[in-house]
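What follows is a single structure, written as structure tokens, with notes after it.
Each value in this text was obtained by applying a stated rule to the coordinates, not by laboratory testing. Every value quoted in this text rests on a predicted model; they were computed, and no experiment measured them. Here Cβ is always computed from backbone atoms with ideal geometry, including for glycine, and neighbour counts include all displayed protein chains.
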Amino acid sequence: MKLKTLFLIVILFTAFSCKNTAEKTTEVEDQTIVTKVIPSIDIQPISHATMVLEWEENVFYIDPVGGKEAFAGKKDATIILVTDIHGDHLNLETLEAVTSENAQIIAPKAVINQLPEGLKERVTQLENDQTIEKDGFTITGIPMYNLREEALQFHEKGRGNGYLIEKDGYRVYISGDTEDTPEMRDLQGIDLAFICMNLPYTMSVESAASAVAEFKPKTVVPYHYRGKDGFADVDTFERLVNENAPEVNVNRLDFYPNK
């Protein structure tokens, strides 16, 4: 596992912290060099597709499921992102329980249609290829869908969102349930990517590794890798990424603490 000079990963129990310096301006022989803003991000896996991202003063809940107890001890969400309508991404009981007074839900229309009226009032609709600004963040809906004929039944194009979150030039991509679509492969300048891999519902580890080798995020975290027949072979994913894109840092977090 490679460590980047400006990207320090610390795993503490099920927490994953990315802590680095802010933007610096340095004068060298009358030339001004501005380095990229590297934020302080604490990534806390909950399970499967569910996680908490503490990004400076903001707290993102991604696909909150598992009941309120799954978030015991976590800071209240300021932004909640829901990718799709399936039960491992949308659980109404959990969503209602963790949507605090100050939280804003962002979701596509298909998700909003599943919500009770009380929650709908807290939602900002975001569709594929649309972008909104929230609390200083730019959030874009990235298409997530299946490509293989036998898998088209699972995720049709236009229904769910992956998400691209950006602030001060730092870009985080959350794939949601998808295969290695052209939209994923065309991503540029991604600093941190969360990539799914579970057959038959999303994609194989080979397809996931191939996409990562093409769009080359600085760091990739495999997640959402429990499938119909058990867990995907994340060892193979990491090996393929290391072979084909050695500049990409693969970081494995504990999304399945009871595995």
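Listed values, structure above:
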item	result
Hz values of 3J(HN,Hα) by residue in the stretch 167-175 - Karplus curve (6.51, -1.76, 1.60), Gly and Pro given as x	8, 6, x, 8, 10, 10, 10, 10, 6
Computed Kirkwood radius, in angstrom, where 1/r is averaged over Cα pairs of the stretch 122-215	13.6
Rounded to 5, percent antiparallel among DSSP beta bridges of the chain	70
In sequence order, calculated HN-Hα J values of the stretch 73-88 (Karplus, 6.51, -1.76, 1.60; Hz; x Gly/Pro)	x, 8, 5, 4, 6, 9, 9, 10, 10, 10, 8, 7, 8, 5, x, 8
Packing-based ranking, highest mean first, of 131-138, 52-59 given that Cβ atoms within 10 Å are counted	52-59, 131-138
Beta bridges by DSSP in the stretch 138-259, antiparallel share as percent, to the nearest 5	60
Helical mean residue ellipticity (222 nm; -39500 (n - 2.57) per DSSP H run of 4+; nearest 500) of the chain	-4000 deg cm²/dmol
Base-10 log of normalised Debye intensity for the stretch 173-247 (one unit scatterer per alpha-carbon) at q = 0.14 Å⁻¹	-0.36
